[in-house]
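The values are calculated or read from the model by the stated rules, or taken from the named source; none is laboratory data. As the structure is a computational prediction, the values presented were derived from the model and not from experiment. Backbone-built Cβ (ideal geometry, glycine too); neighbour counts: all protein chains shown.
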Amino acid sequence: MDYWTENEQKISLIQGEITTQVVDAIVNAANSQLAGGGGVDGAIHRRGGPTIMQETRERYPNGCPTGSAVISSAGHLSAKYVFHAVGPIWQGGQAGEPELLRAAYRRCLDLARSNECRTIAFPSLSTGAYGYPMSEASRIALSSCIAYFQEYDSPSEILFVLFDEMALEIFRGALQTLVNNDSD
Ligand code: AR6
């Protein structure tokens, strides 16, 4: 499913594997130690090779706070950059999780803009090991991007790469609702 803004910026939802996307920036679902792990993080370091971790260790010895993101090169991936984003761990929703998740998306979009990335691929941050409920997370992910497009004309294309059919359906439903509400 695709969503176009009036000035031709685009959000696309696809089911797939994030590490094979050909985009300017791929977003990693990292932890605040930037220590690597499973899920998206494991796949990115496996496929991208060891230079990514070498670089983040050197450039960011103190890691990255929750709700933010840092940039590295992309090793063997078909991208110019990896943005290592740290989403919140779900603790029931009353510990600032929505604001932190929104801030992580926004920081990635800022990094895309300041590094002249036209296209960026996101996974659904925080919805795997970090336990964030997918429906709430999808609304935050998509509304952050739509709000960003209302402020800035870059990046021009945002791709959400959802791992399974269920995630894709949830994102589709959320995008439909947001777009309908927008046009009311
Ligand atoms: N491509 C696209 N989506 C994926 C892929 C993939 N290759 N693999 C998993 N997903 P997660 P988090 C989906 O756990 O919740 C790591 O250990 C997955 O189904 O990767 O932010 C890090 O080191 C889920 O919907 O990230 C951190 O410690 C979504 O991507 C911690 O997990 C995110 O799942 C971060 O947890």
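Consider Phe149 carefully, then state whether it is of a type in the set (A, V, I, L, M, F, W, C), away from the ligand (no atom under 16 Å from the Cβ) and either touching a residue at least 60 places away in the same chain (Cβ under 8 Å) or more than 25 Å from Ser73 (Cα to Cα) (or both).
yes
Can you find even one residue in the stretch 48-55 that is in a strand (DSSP E or B), within 16 Å of the ligand (Cβ to nearest atom) and at pLDDT 95 or above?
So far as the stretch 48-55 goes, no, none of its residues is in a strand (DSSP E or B), within 16 Å of the ligand (Cβ to nearest atom) and at pLDDT 95 or above.
Within the stretch 17-35, track down each residue that is more than 7 Å from the ligand (Cβ to nearest atom), surrounded by 15 or more Cβ atoms within 10 Å (Cβ to Cβ) and in a loop (DSSP other than H, G, I, E, B).
Of everything in the stretch 17-35, those that are more than 7 Å from the ligand (Cβ to nearest atom), surrounded by 15 or more Cβ atoms within 10 Å (Cβ to Cβ) and in a loop (DSSP other than H, G, I, E, B) turn out to be Gln21, Val23, Asp24, Ser32, Leu34.
Could you list, in sequence order, the residues of the stretch 52-72 that are among the polar types (S, T, N, Q) and out of contact with any Ser or Thr (no Cβ under 7 Å at 6 or more places or on another chain)?
Once the filter is applied, which keeps residues that are among the polar types (S, T, N, Q) and out of contact with any Ser or Thr (no Cβ under 7 Å at 6 or more places or on another chain), the stretch 52-72 yields Gln54, Asn62, Ser68.
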